[in-house]
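One structure is given below, encoded as C-alpha cells.
Where a number appears in this text, it was derived from the coordinates with a stated rule and is not lab data. This is a predicted model, so every value here is computed, not measured. Cβ atoms come from the backbone with ideal geometry, glycine included; neighbour counts cover every protein chain shown.
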Amino acid sequence: MKGVMEVLAQTIDRIRTGDRGAAAAFLTENQAMIRRRYRHKLGRAMRRLCDSQELVSTIARRFDRLVYDKAVRAESERQLWALIFAIGDNALADKGRIVQRLEQVEGPDSDIAREWRIRLARAERNRSDGMEGELDDMLRRLDDPMDRQVLTLWLMGFEHPAIAQEFGIEAVAVRKRWERIRKKLRAGAGEVQ
C-alpha cells in the first residue's frame with residue numbers, strides 16, 4: 001500500500017510541475033470512474049449535446065491547460081480529485097447553460113438557436129476540442145471585441161435590453177450589432193442542413 005501511495009504522490013508532484021504526460025496518464029487510468037460520476041448527472045437535454053465520454057474529454061482539455069500553465073496546486077489525492085471534479089462540474093454547468101439558453105429561445109432568434117444547437121452537438125461528437133472549440137471559432141469570426149462580448153452575454157441568457165445596460169448603450173444599438181453577428185456567423189459556417 002505504501003508503494004502505491006508513493007507512486008501517487010510522485011504523480012501529483014509531476015502534474016504540479018507541468019508534466020502533461022503524467023496528467024494524461026492519470027486521467028486515462030481513472031476515466032471509467034469519472035464517467036460513472038457524471039453519467040447520472042446528464043439529463044436528456046444534456047445527453048443530446050454530450051455524453052459522459054465527451055465530458056471526460058472536456059475535463060481532459062481543461063485539466064491539460066492547467067497542467068501546461070503549471071497552475072495545479074493540489075498536494076494530495078483528495079485535492080487532485082476535488083480539482084478534477086470541480087473542472088467537470090464547471091464544464092457541465094457551462095454546457096448546460098448554453099444548451100438551456102439555446103432551447104429557451106423563441107421568436108426571431110429561434111432559428112439561429114436551433115442551428116447553433118445542432119452545430120455544437122456535432123462539434124461535441126466530431127471535434128477533438130468539442131463544443132468549446134466550436135464556440136471559440138464562432139467568437140474568432142467576430143472581429144469586434146464588443147460583438148464577442150454581446151454574443152457571450154446572449155449565450156449566458158442576457159436579453160438585448162440587459163446587454164445594452166451592461167455596455168451603457170441603447171437597446172437598438174445592441175439589436176443592430178446582433179443582426180450583424182448573426183449574419184457574420186451564418187456566412188462563416190453556412191446553414192445547418
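Sort out for me the Cα centre separation of the range 1-40 from the range 129-148, rounded to whole Å.
32
Where does each of 21-29, 138-146 land if you order them by average Cβ count within 10 Å, highest first?
21-29, 138-146
Find, to one decimal place in angstroms, the Kirkwood hydrodynamic radius of the chain, where the mean of 1/r is taken over every pair of different Cα atoms and then inverted. Show your work: numbers first, answer last.
On the way: mean 1/r = 0.0540 Å⁻¹.
Across the chain, the inverse of the average 1/r is 18.5 Å.
If you place +1 on the Cβ of every Lys and Arg, -1 on the Cβ of every Asp and Glu, and leave all else neutral, what size is the dipole of the chain about its Cα centre, to the nearest 20 Debye?
On the way: 38 positive and 31 negative charges, 85 e Å.
That gives a dipole near 400 debye.
For a distance above 15 Å, tell me the whole-number percent of Cα pairs in the range 108-193 that qualify. Intermediate results must be reported in sequence, preceding the final value.
Details: 2122 of 3655 pairs.
When every Cα pair of the range 108-193 is considered, 58 percent fall beyond 15 Å.
Quote to one decimal, in nm, the extra length available between A71 and N30 on full extension: 0.36 nm per residue of separation minus the C-alpha distance between them.
Numbers: separation 41, 0.36 × 41 = 14.76 nm, distance 2.08 nm.
Gain on stretching A71 to N30: 12.7 nm.
Can you work out ³J(HN,Hα) from phi for every residue in the range 123-138, in order, using Karplus 6.51 cos²θ - 1.76 cosθ + 1.60 and θ = phi - 60°, giving whole Hz and x for Gly and Pro?
Ordered by residue, 3J(HN,Hα) equals 5, 4, 7, 10, 10, 5, 9, x, 4, 4, x, 5, 4, 4, 4, 4 Hz.
Which residue, M5, A86, V72, has the largest displacement toward the positive end of the dipole of the range 1-104 when charges sit on each Cβ (Lys, Arg +1; Asp, Glu -1)?
Of the candidates, A86 comes out farthest on the positive side.
As I understand it, the dipole of the chain uses +1 on the Cβ of Lys and Arg and -1 on the Cβ of Asp and Glu, about the Cα centre. Which of A32, L55, A171 lies farthest toward its positive end?
Looking along the dipole axis, the top candidate is A32.
Taking the alpha-carbon distance from K70 and a cut-off under 17 Å, which aspartates and glutamates remain once sequence neighbours fewer than 8 residues away in the same chain are dropped?
Partners within reach: D13, D19.
Return the FRET efficiency for the residue pair K183, N90: r is the Cβ-Cβ distance, R0 is 30 Å, and the value is rounded to the nearest 0.05.
On the way: r = 32 Å, r/R0 = 1.06.
Efficiency computed from Cβ-Cβ geometry: 0.40.
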